[in-house]
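The structure under discussion appears below in the form of structure tokens.
Please treat every number below as a calculation from the coordinates, not as lab data. No experiment lies behind these values; they were computed from the predicted model shown. Positions of Cβ are generated from backbone atoms using ideal geometry, with glycine treated the same way; all protein chains shown enter the neighbour counts.
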Amino acid sequence: MKVKIVAKALFVGMLFSIFNIQNIMAQEKITQTAGRVQLGEFAPKFAELNDDVLFGEVWNRPGLSPHDRSMITIATLVGKGIIDSSLTHHLQFAKSNGVTRTEISEMLTHIAFYAGWPNAWGAFRLAKDVWAEGGEADGGKAAFQREMIFPVGEPNTAYAKYFIGNSYLAPISKEQVPFSNVTFEPRCRNNWHIHHATKGGGQMLVCVAGRGWYQEEGKPAVQMLPGDVIHIPANVKHWHGAAADSWFAHLAFEVPGENTSNEWLEPVADEEYDKLEAQK
């Protein structure tokens, strides 16, 4: 039975629509007072437009996430050569909106070819200081959580011996169709394993954030991106986990079957893992 990857499955579309609506409703409202604090007496109308319209309305519109609005704003400022305290503010704001060190570095590298090398150099000097603050002691887990509508969950200690690196588990539903969200830090992957069953069984994975890998024994590894669905047949040896440079999360659905059991096997060796990362 072949691995099926369904990028825009109806089920996934419905699932994400429901949770995206909930996420938008739950999104914390962005507020701003800098205009009134700094210019309230000198230019009260400008301060009002800055705080109430630009940040109060535009930044809170549901069409784009605060994360994406931050990326767009920084690209625009750098493109115009505005490498001053206002850019520092927006870099700090972007970090609080979940923009990671990897994302800001990649974005500035990309726009350097369009906005000019000196502009990018100046932006990098500011960004380096902003992302050095606090040191991202959690390795980017908090920032990844802000990108994802499902919870990261708690350390997956019960199965830690079957993983290389740290993973996290968050049960989402325990009724009707039980499923959980499994989160992997960069380079984390589970061991080769098999979902046994004499009838039915297997597993379905739905990528919800980040970038990861799935591989069946004897077949090339398959990259997983948000929205991708992997159908894992019963009795097939396989593994899955995060890419080297990205956190990764997927929903895991256990397919009902008869005489089901899981068999954990050998780890995915670094040499094997690094080869597929080099081929991406």
Legend entry - Between helix 66-79 and the chain: long-axis angle, C-alpha atoms, 0 to 90°, nearest 10: 50
Inset, instruction - Calculate how steeply helix 85-96 sits against the longest principal axis of the alpha-carbon atoms of the chain, using the helix alpha-carbon long axis, and give the answer as 0 to 90 degrees to the nearest 10. - result: 20
Inset, instruction - For n ≥ 4 DSSP H runs only, could you compute -39500 (n - 2.57) per run for the chain, divide by its residues and tell me the 222 nm figure to the nearest 500? - result: -11000 deg cm²/dmol
Inset, instruction - Could you order peptides 98-104, 109-115 by the average number of other Cβ atoms within 10 Å of their residues, highest first? - result: 98-104, 109-115
Legend entry - Projected-area average for region 63-124 over all orientations - Cα convex hull basis, square nanometres: 3.8
Inset, instruction - Express in whole angstrom the spacing between the alpha-carbon centres of region 160-225 and region 237-280. - result: 6
Legend entry - Förster radius 35 Å - calculated FRET efficiency between residue 154 and residue 84, Cβ distance, rounded to 0.05: 0.25
Inset, instruction - With a point put 7 Å past each Cα toward its Cβ, work out how far residue 38 is from residue 132 in nm, to one decimal. - result: 2.3
Inset, instruction - Extending each Cα 7 Å along its Cβ direction at residue 263 and residue 102, get the distance between those two points in nm, one decimal. - result: 3.4
Inset, instruction - Would you mind checking the radius of gyration and Dmax of the chain based on alpha-carbon positions, in Å? - result: 22.1, 77
Legend entry - Equivalent ellipsoid, region 145-278 (semi-axes from 5 times Cα gyration tensor eigenvalues, Å): 21, 19, 13
Inset, instruction - Could you sort 254-261, 222-229 so that the peptide with the highest average Cβ count within 10 Å comes first and the rest follow in order? - result: 222-229, 254-261
Inset, instruction - Multiply the residue gap between residue 61 and residue 170 by 0.36 nm, knock off their C-alpha separation, and tell me the result in nm, one decimal place. - result: 36.3 nm
Inset, instruction - For residue 219 paired with residue 31, estimate the spin-label separation in nm (one decimal), with each label point 7 Å from Cα along the Cα-to-Cβ line. - result: 5.2
Legend entry - Shape box of region 26-136 [Cα atoms, principal axes, largest first, Å]: 37, 35, 28
